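Notes follow the structure.
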Amino acid sequence: MKSPCERIQWNCSGSEIEQESFRRIDREAPPALRQRFTDAEWHVARRLIHTTADFAIAEQLRFSPGAIEAALAALRRGARIYTDSNMIKSGLSIPKLQKFHPSYCRETILCPVADPETAEYAKQRGITRALAAVELHEKELDGAIFLCGNAPLALAGVVRMTLAKRIIPALVVAMPVGFVNVVESKEYSAELTTPCIRIDGRRGGSPLAVATLHGIMENAL
C-alpha cells in the first residue's frame, strides 16, 4: 500500500483540485439527494457540500421557487448586497460580482454591524447590534440581497420587516448558526413569499452564505 505522502496529488492547481472535488461530489451524491434539486439548485447545493465536506448539509437546504433566477436578476441590475458579518463581506468574490454589474466593489457591500451608530442604537434599545443594524438600514434592505450567516436576530428582523410589507428583499439567504434563536428565525423565514434560500436546523455560518452566492453566480458564468 502506498504511503500517505505517495497518495497525495502534489502537482495540481487550485482550480484542478476544485473541479476534481466537484466530480467526486457528483459521483458520490446519493441519487435521491440529487433529484431533490433542479440543475441550478444543485450547483449551489454542491458548492455547500464542497464547503463543508458533508452531504448532509444538502438535506437541510431549501429553495423557494425562483430564488436563483431572482438572485441573478438582482445581481445584473447591481442590487445592494447586505451582509450580517464582515466575514461574509470579506469572503465575497468581487471579480465574480463585477461580471454581473461593474458597480460592485468591497465598499458597496453593506455591513454596518460594527458601526458606532449601530452600537449606540443597540445600547439604547437593549437589543443586539445585528438587529439594530437591520432596523437602522431598512431603506437599504428594500430590493437588496440579504446574506445572513451569523446572527439569527438579523434574519428575524428582516423577515419581520418583509412580512409587514415595509421592504421587499430581492433574496434572503437564511443561514445563521448557533443554539439561540437560530431554529426559530429560520422557521420564521419559511413564512416569506419573497425569494429565500435557507438551511434548516442549527447549522449555518458565514462561509455557507458566501458559498451560496458564489454558487448562484458560478451557475450563470
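The values are calculated or read from the model by the stated rules, or taken from the named source; none is laboratory data. This one's a predicted model, so the numbers in the text were calculated from it and none came from an experiment. Don't worry about glycine lacking a Cβ; one is built from the backbone with ideal geometry, like all the others, and counts go over all protein chains shown. When the accessible area is computed, the model is the full protein with side chains, heavy atoms only, and any ligands, DNA or RNA have been set aside. Shrake-Rupley method; radii C 1.70, N 1.55, O 1.52, S 1.80 Å.
Cβ-Cβ contacts under 6 Å between residues 6 or more apart (or on different chains), taken from a first residue in the stretch 128-143 that is closer than 18 Å to residue 182 by Cβ and among the hydroxyl-bearing types (Ser, Thr, Tyr) to a second residue that is open to solvent by 20 Å² or more (accessible area, probe 1.4 Å) and in a helix (DSSP H, G or I), are listed as 128/153.
Of all residues in the stretch 141-165, those satisfying the criterion of being more than 14 Å from residue 188 (Cβ to Cβ) and out of contact with any Leu (no Cβ under 9 Å at 6 or more places or on another chain) are 142, 143, 150, 165.
The criterion of at least 2 residues that are surrounded by 21 or more Cβ atoms within 10 Å (Cβ to Cβ) is met by the following helices (runs of 4 or more DSSP H) wholly inside the stretch 123-221: 129-136, 152-163, 182-189, 206-220. Per the listing 71, 40, the residue uniquely in a helix (DSSP H, G or I), small (Gly, Ala, Ser) and open to solvent by less than 10 Å² (accessible area, probe 1.4 Å) is 71. Pairing residues of the stretch 9-37 that are more than 24 Å from residue 59 (Cβ to Cβ) with residues that are open to solvent by less than 60 Å² (accessible area, probe 1.4 Å), at Cβ distances under 8 Å and at least 6 apart in sequence or on separate chains, gives 12/20.
Across the stretch 89-109, a minimum of one residue is classified as free of Cβ contacts under 8 Å to residues at least 12 places away in the same chain and either at positive phi or hydrophobic (A, V, I, L, M, F, W, C) (or both).
Would you check if residue 118 is surrounded by 15 or more Cβ atoms within 10 Å (Cβ to Cβ), of a type in the set (S, T, N, Q) and within 16 Å of residue 209 (Cα to Cα)?
On the way: surrounded by 15 or more Cβ atoms within 10 Å (Cβ to Cβ): yes; of a type in the set (S, T, N, Q): yes; within 16 Å of residue 209 (Cα to Cα): no.
No.
For residue 63, state whether it is touching a Phe, Trp or Tyr at 6+ places or on another chain (Cβ under 9 Å) and either open to solvent by 30 Å² or more (accessible area, probe 1.4 Å) or basic (Lys, Arg) (or both). Taking the combined requirement at face value, the residue satisfies it.
Checking each residue in the stretch 80-105 for being open to solvent by less than 30 Å² (accessible area, probe 1.4 Å) and touching a Pro at 6+ places or on another chain (Cβ under 9 Å) picks out 82, 84, 88.
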